[in-house]
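The values are calculated or read from the model by the stated rules, or taken from the named source; none is laboratory data. A quick note: this is a predicted structure, and the numbers were derived from the prediction, not measured. Cβ placement follows ideal geometry from the backbone for every residue including glycine, while neighbour counts extend to all protein chains displayed. Only protein heavy atoms, including side chains, enter the accessible area calculation; ligands, DNA and RNA are left aside. Shrake-Rupley method; radii C 1.70, N 1.55, O 1.52, S 1.80 Å.
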Amino acid sequence: MSVSWFKFTASAVVAGALCVGATASSAQAGSMVLGDSGWKASWSSAFDDANNTHVTLTVLAETCDAVVLQKVAVFTDGPDQYGMIVPIEINFEQIRGDAVQQIVFTSENVTNASGTDWSGFKFIIEDGTTGTPADTHYNLDETFGGSDPFDTSPFSVTEIGSPYGMPQIITVGDGTLHNGEVWYPGMASGAGQLVINAAPSCEGVKRFVFKEQPIPSAIPLPAAAWTGLTGLIGLALPRAARKFRKSIA
């Protein structure tokens, strides 16, 4: 679904007085409590090695309704045999019944060290199948609406997926991020934020997964596949020639 299907209204996610104040807590381990927000984030220890694909979170600020995060991610893995790059997955767990309603990403820093150019990128939420606001989903009004929309250049939003009725997949494309380049979605003043309605429960039991996955420009085929295709083409050409000769005889 195109973003044009949605009617956006201006809304600032961090408007109003800070309830807790700005912070500077960060973690390079696989788990961290997100300030006083009532949320905890964790990820695989495989994403802790700075020499490989890795992720770092920093709590920039907290409000009455939101925790604002900066995320630094480096993708070093190239496409697999199916043309897919392994996504970075962050698990969010509610640890208090009064957890804030929104989780906001701003000033992201994403490095393409995968060995191939990217033609796009996916932001994916995995949670819930009810098709109601009880499922964690993107707040499209606050992400793309008003005078401060979430900036994804050099890409543009090409699709917003709603697998179960709520927007949970944002796909950007129509651009290129070359190997070795750094992408800054939502970076700098006026560049907007990626706003998630986390939909915490009163019982404090909500969990969901946030994924980021590059889309490579070219989908490689293994050498064996190319050899097989070449062989099939070689077999097909003589047969086609014989069939043509018979048709004109």
Going from most exposed to least, what order do 95, 196 have by accessible area with a 1.4 Å probe?
95, 196
Straight distance only, please: which aspartates and glutamates reach the Cα of residue 40 with their own Cα at less than 15 Å, same-chain residues fewer than 8 apart left out?
62, 89, 93, 98
If R0 is 35 Å, what FRET efficiency do you get for residue 52 and residue 98 from their C-beta distance, rounded to 0.05?
0.40
So what's the gap between the Cα centers of the stretch 140-193 and the stretch 73-133, to the nearest angstrom?
12 Å
How much solvent-accessible surface does residue 164 expose, in Å² to the nearest 10, with a 1.4 Å probe and all protein chains in place?
120 Å²
Nearest 20 debye, what's the magnitude of the dipole of the stretch 56-113 about its Cα centre given +1 on Lys and Arg Cβ and -1 on Asp and Glu Cβ?
100 debye
